[in-house]
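What follows draws every value from the coordinates through simple rules; no lab data is involved. None of the values given here were measured: they were computed from a predicted structure. No Cβ is skipped: glycine too gets one built from the backbone with ideal geometry, and neighbour counts run over all protein chains shown.
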Amino acid sequence: MVKDELKNKHPNISEDELLSLTREYVSDINFKVPPHCSGAAVDIDVIDIQTGNYIDFGSKINEDSPISAIHSDLINKKQSENRLTLLSAMLKAGFAPLYSEWWHFSYGDQNWAAFYEEDLALYGIKEPEIAKLNK
Ligand SMILES: [Zn+2]
């Protein structure tokens, strides 16, 4: 579990700091509709079709470290360019980034709504009261 791994890495941080750090790498448990579960979020890795090799983004997907931040200063220039190329393509397609994870993009979830200053996210849960109206 990510929270336990982070607790082991940072044994002296407070519970609030641990929750904040955990939220950088996994969905907030208070979200009614977790972004990946709704299909609103994707994790993207890219393969060069000519070589069959993964593009070098400077870290693996789901690496819970500052090196995973899109604009991390722990990566080299080429890795940074690769991240910005991916970021640019995803922004053109209307996705929102998550700055702590170069691979994570969303469309229609809470993060997307906040990034594009939308009043509402596109994905939500079916409310039982509304379902009753359709019967
Ligand atoms: Zn993700």
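Using 0.36 nm per residue, how much length does the chain from L122 to K77 gain when fully extended, once their Cα-Cα distance is taken away? Walk me through the numbers before you get to the answer.
Numbers: separation 45, 0.36 × 45 = 16.20 nm, distance 3.58 nm.
Residue separation times 0.36 nm, minus the Cα-Cα distance, leaves 12.6 nm.
Hey, can you rank 97-104, 75-82 by average C-beta count inside 10 Å, highest first? It would help to have the intermediate numbers written out before the result.
Working: 97-104: 20.8, 75-82: 14.2.
Sorting 97-104, 75-82 by mean packing, highest first, produces 97-104, 75-82.
Net charge around L86, counting only other residues with Cβ within less than 12 Å of its Cβ (Lys, Arg = +1; Asp, Glu = -1)? If you can, show how the numbers build up before the last one.
On the way: positive: R83, K92; negative: D43, D45, D56, E81, E101.
Local charge sum for L86: -3.
Would the range 57-110 count as rounded, prolate or oblate if I go by the C-alpha gyration tensor, calling it rounded below 1.5 in a/c and otherwise prolate when a/b exceeds b/c, oblate otherwise?
On the way: a/c = 2.62, a/b = 1.43, b/c = 1.82.
Oblate, because a/c is 1.5 or more while a/b does not exceed b/c.
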